[in-house]
1. How do the pairs read when you match residues in the range 58-76 that are without any contact (Cβ under 8 Å) to a residue 24 or more places away in the chain and on the phi < 0 side of the Ramachandran plot with residues anywhere that are surrounded by 13 or more Cβ atoms within 10 Å (Cβ to Cβ) and in a helix (DSSP H, G or I), using Cβ under 6 Å and keeping only pairs 6 or more apart or on different chains?
2. Restricting the search to the range 127-151, which residues are within 12 Å of the chain's Cα centre (by Cα) and either at pLDDT 85 or above or surrounded by 20 or more Cβ atoms within 10 Å (Cβ to Cβ) (or both)?
3. Taking the range 125-143 on its own, how many of its residues are touching a residue at least 60 places away in the same chain (Cβ under 8 Å), under 11 Å from residue 43 (Cβ atoms) and in a strand (DSSP E or B)?
4. Which of the residues spanning the range 58-80 are buried (at least 17 other Cβ atoms within 10 Å of the Cβ), in contact with a helix residue (DSSP H, G or I) (Cβ under 9 Å, 6 or more places away or on another chain) and more than 24 Å from residue 125 (Cα to Cα)?
5. Looking at the range 86-120, which of the residues that are modelled with pLDDT of 80 or more and at positive phi is surrounded by the most Cβ atoms within 10 Å (Cβ to Cβ)?
6. For residue 44, indicate whether it is farther than 10 Å from residue 102 by Cβ, in contact with a strand residue (DSSP E or B) (Cβ under 8 Å, 6 or more places away or on another chain), exposed (fewer than 15 other Cβ atoms within 10 Å of the Cβ) and at pLDDT below 85.
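The values are calculated or read from the model by the stated rules, or taken from the named source; none is laboratory data. Note that the structure is a prediction, hence the values are computed from the model and not measured. We place every Cβ from the backbone using ideal geometry, glycine too, and count neighbours over all the protein chains shown.
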């Protein structure tokens, strides 16, 4: 009696390898953009933090009821320089120093983001930001804009 061997033929193995190669070639470009997507999400998240810091400091300034005050003392004792008056700059952290203090930045490092004083103040990721990948803060109005062109 002869025993029949069971297994895959060479043609079947080649077909499986070709199919896996095609799947890998179509799926790989989708995963290559993960770094760019992560950087864009990081910039958007940081911009949200900037907006929140402006809102908290401006709210604290409004609560004090003194529109001539040039500083705001946060609950933890941090003193933030702000604009005065009743216009759009009232209570808004002024320039890089004001927003840097509100965001608890150390030097030019702000939690994984670097910044340059403006006007406007520009923040970009330390791991690959550029002139078209970052957040811009306008110390005169408190506006935060995001650029994610080439992250």
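1. Close Cβ pairs (under 6 Å, with a partner that is surrounded by 13 or more Cβ atoms within 10 Å (Cβ to Cβ) and in a helix (DSSP H, G or I)) amount to 72/57; 72/60; 72/61.
2. 129, 133, 134, 135, 136, 144, 145, 146, 147, 151
3. So the answer is 4.
4. Answer for the range 58-80, where residues must be buried (at least 17 other Cβ atoms within 10 Å of the Cβ), in contact with a helix residue (DSSP H, G or I) (Cβ under 9 Å, 6 or more places away or on another chain) and more than 24 Å from residue 125 (Cα to Cα): just 72.
5. 91
6. So residue 44 does not fit the description; no.
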